[in-house]
Amino acid sequence: MPRGEVVRNAEDALRAAERIGYPVVVKPLDGNHGRGVSIDLTMAEEVARAFVEAREHSRRVIVENCFKGRDHRILVVNGEVVAVAERVPAHVIGDGQRSIAALVDEVNKDPRRGEGHENIMTRIRIDDHSLGVLAKAGLDVDTVPTRGQVVYLCDTANLSTGGTAVDRTDDIHPDNALIARRAARAIGLDVAGIDFIAPNIARSVHGTGGGIIEVNAAPSFRMHLQPSEGRPRNVARPVMEMLFPRGKPTRIPILAITGTNGKSTTSRMIGHILRAQGLNVGLTSTTGIYVNGDRIVEADASGPCSARVVLRDPSVDIAVLETARGGILREGLGFPECDVGLITNIQPDHLGLKGIDTIEDLAWVKSIVVEAVHRNGTSILNADDPVSVSVRRRAGGRLGYFSLRGGADMSDFLREHIEDGGFAVMREPGPSMAARS
């Protein structure tokens, strides 16, 4: 890393430059996109002007050593270097006939260039910074460069200021890759864009000089996905593989409970049992939204909006969602699939609301919960409620029943279900009232 100091006024900037030694770089402490950055400053007057420019973008300004070399962005994902791009500052190449302004207009006709980040490259703008860079080289926008002369229009190589990118992923020296990986790990970033200055990325900076000038926590991908030159790199893939490793669960289990009566009690009972197993339970019910036993919202929270609150909470291990018909009719379930769908019962309560006029209409709405059970999940129905049993053909996953009538009181259809390899939980008459399955 370059040696540097943080300053608040021009006088301190000049003193820092003297202590550090010229040439220096002056840049905002918390800027972005290369705004307000001036490099390769060799005189006090240049530092004073650069401080004023940097101060427009940040209350505090950095003065640091100027590393000489080419500008590279090294993308580190999950501790590995996945792409490297050499970034070339905005520039034009002379043809011996046209002025710099005319050459800029010609470059901006490239259909790959657009405003901001809308295209893979950004249009070059002639602004005060560009004019200053040209003046430093003894040029202005009306100068006609000789054929083949490269004229740079910006100190920095950011794509957002009109720079271009050349893929160098296959060229990086192992030492340079190691430095980038260690920097990302030291800061604790899973995804990091390392701005790396090196005369030649294929040679170790231990021998050539150079190093890291910035680490970006939210790096752009477009220079790697669609470089101006070289092979495109699918840098989204390693990010997705890090977030969703193959063979690892990528979603939390969802238990959805619906029914006419008893769904709130059942939901809270299941949530209590799961919490006793050491799980952080996200629970929705008619009394509110609960996370690990703490009520975070006090309201009727039995709809899809409340379900999404729980499913977005990164601390939740398992979701227990009371699912009322109102939310289903209004906007669906709030989740595409569930692991367990349970219907406690379907009774002719509150008919005539929102187009639900018959018990069959109500059964159709309630059955959506078990229809959403994925193929490896479980649908559970009330075997003592004929209307609940009637939706069994719509239920997804493995089908199970619960019943208060066991032993000799067991219904014929439930007995056949068990004999065919199905499962059920029932209460057997007798002093022990034991559960049998």
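The values are calculated or read from the model by the stated rules, or taken from the named source; none is laboratory data. The structure displayed is predicted, hence computed values, not measured ones. Neighbour counts are summed over all protein chains in view; Cβ atoms, including those assigned to glycine, are modelled from backbone coordinates with ideal geometry.
Yes or no: residue 111 over 20 Å from residue 130 (Cβ atoms) and of a type outside the set (A, V, I, L, M)? Write out each step before concluding.
Numbers: over 20 Å from residue 130 (Cβ atoms): yes; of a type outside the set (A, V, I, L, M): yes.
Spelling it out, residue 111 is indeed over 20 Å from residue 130 (Cβ atoms) and of a type outside the set (A, V, I, L, M).
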Subject >> From 151, 141, residue being at pLDDT 85 or above, surrounded by 15 or more Cβ atoms within 10 Å (Cβ to Cβ) and assigned to a loop (DSSP other than H, G, I, E, B) >> reply: 141
Original post:
Hey, any hits in the range 121-130 for a residue that's within 30 Å of residue 239 (Cα to Cα) and small (Gly, Ala, Ser)?
Top reply: no
**OP:** Please go through the range 373-422 and pick out each residue that is exposed (fewer than 14 other Cβ atoms within 10 Å of the Cβ) and assigned to a strand (DSSP E or B).
**Re:** 375, 376
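Can you pull out every residue in the range 344-372 that is within 21 Å of residue 424 (Cβ to Cβ) and part of a loop (DSSP other than H, G, I, E, B)?
Step one: filter the range 344-372 for residues within 21 Å of residue 424 (Cβ to Cβ), giving 344-346, 363, 366-367, 369-371.
Matches in the range 344-372: 344, 345, 346.
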Subject >> Residues that are over 29 Å from residue 20 (Cα atoms) and of a type in the set (A, V, I, L, M), drawn from the range 49-100 >> reply: 75, 76, 77, 81, 82, 83, 84, 85, 92, 93, 100
Original post:
Do you know which of the residues in the range 24-78 that are among the acidic types (Asp, Glu) and part of a helix (DSSP H, G or I) is surrounded by the fewest Cβ atoms within 10 Å (Cβ to Cβ)?
Top reply: 45
Subject >> Scan of the range 215-249 for residues that are crowded, with 16+ Cβ neighbours inside 10 Å and not small (Gly, Ala, Ser), ordered by number >> reply: 215, 219, 221, 222, 223, 224, 227, 233, 235, 238, 239
Original post:
Within the range 323-334, is even one residue more than 21 Å from residue 305 (Cβ to Cβ), assigned by TED's automatic domain parsing to the domain that holds residue 310, among the hydroxyl-bearing types (Ser, Thr, Tyr) and part of a loop (DSSP other than H, G, I, E, B)?
Top reply: no
**OP:** Please name all residue pairs, on different chains or six or more residues apart, with Cβ atoms under 7 Å, provided the first residue is in the range 126-155 and is more than 20 Å from residue 39 (Cβ to Cβ) and assigned by TED's automatic domain parsing to the domain that holds residue 96 and the second residue is in a loop (DSSP other than H, G, I, E, B) and of a type in the set (A, V, I, L, M, F, W, C).
**Re:** 141/126
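Rundown of residues vs (1) touching a helix residue (DSSP H, G or I) at 6+ places or on another chain (Cβ under 8 Å); (2) within 20 Å of residue 212 (Cβ to Cβ); (3) among the charged types (D, E, K, R), yes/no style:
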position: 44; (1), (2), (3): yes, no, no
position: 53; (1), (2), (3): yes, no, yes
position: 61; (1), (2), (3): yes, yes, no
position: 81; (1), (2), (3): yes, yes, no
position: 88; (1), (2), (3): no, yes, no
position: 92; (1), (2), (3): yes, no, no
position: 99; (1), (2), (3): no, no, no
position: 109; (1), (2), (3): no, no, yes
position: 115; (1), (2), (3): no, no, yes
Original post:
Pick from the range 161-196 the residues that are modelled with pLDDT under 95 and of a type in the set (Val, Ile, Thr): which of them is nearest to residue 225 (Cα to Cα)?
Top reply: 166
**OP:** Examine the range 4-17 for a residue that is aliphatic (A, V, I, L, M), over 18 Å from residue 134 (Cα atoms) and under 34 Å from the mean Cα position of the chain (by Cα), and state whether such a residue exists.
**Re:** yes
**OP:** Give 90, 54 a once-over and let me know the one that is closer than 29 Å to residue 191 by Cβ, of a type in the set (Gly, Ala, Ser) and modelled with pLDDT of 90 or more.
**Re:** 54
